[in-house]
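The next block holds one structure in the form of structure tokens; read it before the comments.
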Amino acid sequence: MQRLQMDIQRSHTASSWLARLGILWLLSQNCCRASAVWTAYMNISFHIGNRMLSELGETGVFGRSSTLKTVAGEIVPPDGKTQSACHPSTSFSRSQSAGPWLALIERGGCPFTQKIKVAVEKGASGVIIYNFPGTSNQVFPMSHQMFEDTVVVMIGNLKGLEILHLIRKGVRVTVMVEVGRKHVIWTNHYFVCFVILTVATLTYVIFYHIRRVWVSRIQSRRRRHLETDLKIAFGQLPLRVLKEGDEEVSPNGDSCVICFELYKPNDTVRILTCKHFFHKNCIDPWILAHGTCPMCKCDILSALGIQVDVEDGTQSLQVLMSDELPDILSPTEEEMNNELPPARPSDKVTRVDEVEEPPASHSQANPVGDAHPFS
């Protein structure tokens with residue numbers, strides 16, 4: 001029964017571990033959802049007098065919620081020294097051409113959504129945001145609110161300042177933005193989620209094993225203390241070897257209420273604190289399993305100073321001490337044990353759990369002290 005309980009506990013622990021791992025996996029699906037980033041091909045043209053110079057490069061990256069389509073027009077920065085376009089009153093001065101235009105805005109000062117909203121309200125067909133100073137031409141996919149039919153692209157700081165410098169010199173700059181290549185962010189997305197999931201799993205596994213070691217040490221310490229207490233306790237219960245002529249082995253003698261066998265010469269009996277006696281091989285396992293006298297229900301372990309909840313404990317003393325029973329006996333007791341007759345056939349053994357009181361013919365078991373004095 002105890003082994004079955006341990007198997008059930010191990011199965012429950014494994015199921016709990018798998019359930020928690022499954023929850024971590026489900027949580028990771030939200031954080032590790034695939035996201036694609038699209039680069040932007042930008043054909044930038046500089047109109048200097050009658051000449052037009054242009055350069056083509058994959059220099060931008062679309063925002064996460066940007067419309068993916070081709071857009072062309074003049075590049076127009078905000079008026080004034082502040083280029084962040086965070087205030088709703090920000091104005092954009094365009095040339096006399098009435099064609100589509102794209103706002104050139106500096107990153108910082110407010111969220112991307114606010115900048116894009118200001119530019120769209122002023123009539124921009126697209127928004128080009130250049131990165132912070134000191135970031136060279138580094139770019140990243142922006143997160144912002146979706147604006148219908150509005151292209152949102154980020155370019156590097158150096159490229160943005162270069163365009164702004166030309167516009168402030170009076171050079172008209174136009175651009176054609178085309179959809180570039182699709183990239184899946186593995187390093188910044190799946191790798192981070194993999195690390196989080198791995199660390200969480202390892203942390204749980206380490207905690208689980210530390211707890212198992214801790215519980216095992218507590219049980220081992222409890223077992224050592226219990227072994228010592230039981231050795232001392234069983235040493236306080238006297239033994240006696242029955243002989244020919246003793247009243248217990250006479251035809252009118254009593255039988256052991258555990259195995260229902262009549263007492264015979266050379267049988268070894270153990271005397272409990274309540275003065276009832278039984279076959280040593282019968283009563284020792286009984287006490288370890290139940291802790292009480294099978295006749296009067298006296299709490300033998302408590303009487304011997306061992307406070308253990310045997311019936312409701314997580315481990316029965318019989319299971320706990322199954323490997324230690326030979327060590328509980330003293331050398332003298334072992335010698336007496338060697339004189340015991342061979343084990344009786346198993347078909348004479350009766351279920352102990354069904355024994356509530358001895359048979360009527362033996363209901364008045366004489367205490368050992370009254371029946372025959374022990375030497």
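Check off (1) surrounded by fewer than 20 Cβ atoms within 10 Å (Cβ to Cβ); (2) outside any loop (DSSP other than H, G, I, E, B); (3) among the hydrophobic types (A, V, I, L, M, F, W, C); (4) in the same structural domain as Cys86 (by TED's automatic domain parsing) for Phe132 and give me the number that stays unchecked.
Condition (2) is where Phe132 drops out.
Is it the case that Arg211 is in contact with a helix residue (DSSP H, G or I) (Cβ under 8 Å, 6 or more places away or on another chain) and either surrounded by 14 or more Cβ atoms within 10 Å (Cβ to Cβ) or not in a loop (DSSP other than H, G, I, E, B) (or both)? Full working, then the answer.
On the way: in contact with a helix residue (DSSP H, G or I) (Cβ under 8 Å, 6 or more places away or on another chain): no; either surrounded by 14 or more Cβ atoms within 10 Å (Cβ to Cβ) or not in a loop (DSSP other than H, G, I, E, B) (or both): yes.
In short, no.
Among the candidates Val118, Val153, Val127, single out the residue that is among the β-branched types (Val, Ile, Thr), over 24 Å from Ser54 (Cα atoms) and at pLDDT 95 or above. Quick ask: steps written out before the conclusion?
Values: Val153 fails: over 24 Å from Ser54 (Cα atoms); Val127 fails: over 24 Å from Ser54 (Cα atoms).
Only one candidate qualifies: Val118.
Could you please find all residues in segment 250-303 being over 19 Å from Leu230 (Cβ atoms) and hydroxyl-bearing (Ser, Thr, Tyr)?
Ser250, Ser255, Tyr263
Looking at (1) out of contact with any strand residue (DSSP E or B) (no Cβ under 9 Å at 6 or more places or on another chain); (2) in a loop (DSSP other than H, G, I, E, B); (3) among the aromatic types (Phe, Trp, Tyr), which is the one condition that is false for Phe194?
(2)
Here's the yes/no breakdown for (1) under 56 Å from the mean Cα position of the chain (by Cα); (2) under 21 Å from Ile306 (Cα atoms):
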site	(1), (2)
Leu237	yes, yes
Glu244	no, no
Val249	no, no
Pro265	no, no
Val269	yes, no
Cys282	yes, yes
His290	yes, yes
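All but one of (1) at pLDDT below 95; (2) of a type outside the set (S, T, N, Q); (3) in contact with a Phe, Trp or Tyr (Cβ under 7 Å, 6 or more places away or on another chain); (4) under 24 Å from Tyr41 (Cβ atoms) hold for Gly108; state the number of the condition that does not hold.
Result: Gly108 passes all but (4).
The values are calculated or read from the model by the stated rules, or taken from the named source; none is laboratory data. Keep in mind the model is a prediction, meaning the values are calculated, not measured. Cβ coordinates were reconstructed from backbone atoms using ideal geometry, including for glycine residues, and neighbour counts include every protein chain displayed.
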